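The structure appears right after this line, and notes come after that.
Values quoted throughout were computed directly from the atomic coordinates according to the rules given, and no laboratory measurement underlies them. The model shown is predicted, which means the values in this text are computed figures rather than measured ones. A quick note on method: Cβ atoms are made from the backbone with ideal geometry, for glycine too, and the neighbour counts reach across all protein chains shown.
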Amino acid sequence: MSTLNNAPLPFTDDLDTSGFWKAATEGKISIRTCAACETVLHLPKLYCHKCQSWETYWRDVRPTGTLYSWTVTVQQLHPAFPTPYTVVLVELDDAKDARLIGYLEGTPELKMGMAMRASFKDVEPGVTLVQWEPDLNS
Amino acid sequence: MSQEFQHRDLCAISGIGSTDFSRDSGRTPITLATQAALAAIADAGLTPAEIDGVVHSDYDLVLSSHIAHSIGILNINFWGATGLGGAAPCGMIGLAVGAVVAGLAKNVLVFRALNGHSGLRYGRGTAVQRSAGAHFVGGNGSFDEFFLPYGMLAPGQMWAMIARRHMAEFGTTSDDLASIALVARERANANPAAQMTDRKMTRDDYFSSRMISDPLRLFDYCQETDGACAVVVTSVERANDGPQPAAYIRATAQGSGPQSQAGSYFSALMREVLTVQPSAWTAQTLYQRAGLGPSDIDVAQFYDCFTPTVLLQLEDYGFCEKGDGGRFASSGALDLDGSLPINTAGGNLSEGYIHGMNHILEGVRQIRGTSTSQVAGAQTCLVTSGIPITTSAIILRAAS
């Protein structure tokens, strides 16, 4: 159980979701999208439920969004995540129907709807997490 | 009778049974399930040999055939399971009703058993516990890779985010959540079987309880419970031959809503609107099948893993306008003498967390007139099961 001290890492080789993680290693956010009707297919999936198309692709989007909600976790759940810490839910500017999760240490000052900017954190060779923080320049 | 909804009033719950609710049962789930099942069957005036169908929850460690063997049923002709998790119990009743109406079984045992405190503690997040320290998480359609690596681990964190959205969109306050916690606690204080029967709570107690995942405090969270609950579903004719007043099953419904994504639990954060839940769609189906509406409901048992879970359902089941759940909860409407008394045994919040199965037993007690917080003259009871992935609900009524 020694690995319990480490944060869980994303499995990046899933057939449906690996494109997201590959893009992250390149410093990009890529969202599965329908080629026919542009419906956002996040969490990533290969078939468009809106227009019944199999023509879907990875679309690069800007690393910006707005804060949709958040929680400050005070009671520890996992040794890799010392409390308090903040989990944010960010709606992407270029893909409103996609929301991504981010981790922030401590209790940063946040406001509903505020501008957020992504950063890319290499956590292990070949594994990069997309993280979010308030976009102070916006 | 409408041919379209021909299960209406054809079946009833004829027996109920449960174990004690504790934090350390000292028994396995199969033992707990066996105790609850035997109690429910005896309450129905039956013997195990007369049970020919069983329904279990997809989260249960005890399967239908296990409990059948354990209580000495020679042969079951029908069994099934539904879910997901807390969304199961009313859907499990629906499955039993379907079996009885279709002639697949006569007397169906429906049960839920868990060691929710001494065993796997759902409140701490099941994915991380089940991964047992695995380095990599997610894949295989779980989509956990988008959540767990960021410290998004437990249901309460997700409900904190949903609550904050409701607060931002509609002006709901922690005071409103406190109103829900207090109602559940007061009903539990009257219920000797409730885990919190001896634990009084004031509004000050609520606000001084420790923050778990802001804006949710300890008393916004349900209990973690070891125990089991079971019921017997049968035809109204057989139920009326039994020793107990039959609780007629007016209608049952399940509902996913249009955005029930694949993935475990946190995928519900991708819903277009977080403040409308599958309960909105389920309510429409249920009321249509029942030929009843919110104004016909005398008392309700709302699934309450967290206080905001109740708040959203008050809106989705049509007891107030969307956005007014907080104000409605704080208006006194949910009190025993209010327009909609709720969770009269204390609910998941204060009676115990049998994953919503205990709500069905309390619904039956209200129809029988035997609740420890009896609503005078209750003829109808709405019972709901968990959100946010999918959900289910039933309306019980007196034979009249």
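Observations on the model:
- Check on residue B:260, touching an Asp or Glu at 6+ places or on another chain (Cβ under 6 Å) and outside any strand (DSSP E or B): no
- Residue B:22 meets all of the listed conditions (1) in contact with a His (Cβ under 8 Å, 6 or more places away or on another chain); (2) buried (at least 20 other Cβ atoms within 10 Å of the Cβ) but one, namely (2).
- Only one of the numbered conditions (1) under 26 Å from residue A:106 (Cβ atoms); (2) more than 11 Å from chain A (Cβ to nearest Cβ); (3) polar (S, T, N, Q); (4) crowded, with 18+ Cβ neighbours inside 10 Å is violated by residue B:173, and that is (4).
- Among the residues of the stretch A:21-37, just one is in contact (Cβ under 8 Å) with a residue 40 or more places away in the chain and in contact with a Gly (Cβ under 7 Å, 6 or more places away or on another chain), namely A:25.
- Inspection of the stretch A:109-118 finds a residue satisfying the criterion of being over 12 Å from the mean Cα position of the chain (by Cα), in a loop (DSSP other than H, G, I, E, B) and at the interface with chain B (Cβ under 9 Å from one of its Cβ atoms).
- Evaluated against (1) surrounded by fewer than 23 Cβ atoms within 10 Å (Cβ to Cβ); (2) under 28 Å from residue B:16 (Cβ atoms), residue B:277 falls short on exactly one condition, (1).
- The stretch B:211-231: number of residues that are part of a strand (DSSP E or B) and of a type in the set (Phe, Trp, Tyr): 1
- Filtered residues of the stretch A:60-74 (kept if surrounded by fewer than 20 Cβ atoms within 10 Å (Cβ to Cβ) and either in contact with a Ser or Thr (Cβ under 6 Å, 6 or more places away or on another chain) or under 22 Å from residue B:268 (Cβ atoms) (or both)): A:60, A:66, A:74
- Test: residue in the stretch B:103-122 that is among the basic types (Lys, Arg) and over 21 Å from the mean Cα position of the chain (by Cα): yes
- Some residue of the stretch B:223-245 being within 14 Å of chain A (Cβ to nearest Cβ) and surrounded by 24 or more Cβ atoms within 10 Å (Cβ to Cβ): no
Listed here are the residues, each with its yes/no results for (1) within 14 Å of chain A (Cβ to nearest Cβ); (2) part of a loop (DSSP other than H, G, I, E, B).
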| residue | (1), (2) |
| --- | --- |
| B:113 | no, no |
| B:119 | no, yes |
| B:142 | yes, yes |
| B:152 | yes, yes |
| B:161 | yes, no |
| B:169 | yes, no |
| B:184 | no, no |
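- The one condition in (1) at the interface with chain A (Cβ under 7 Å from one of its Cβ atoms); (2) crowded, with 20+ Cβ neighbours inside 10 Å; (3) of a type in the set (Gly, Ala, Ser) that residue B:105 fails to fulfil: (1)
- A residue that is of a type in the set (Ser, Thr, Tyr) and within 12 Å of chain B (Cβ to nearest Cβ) occurs nowhere in the stretch A:24-33.
- Test result for residue B:172, of a type in the set (Val, Ile, Thr) and in contact with a Gly (Cβ under 6 Å, 6 or more places away or on another chain): yes
- Within the stretch B:335-370, tally of residues that are surrounded by fewer than 24 Cβ atoms within 10 Å (Cβ to Cβ) and at negative phi: 9
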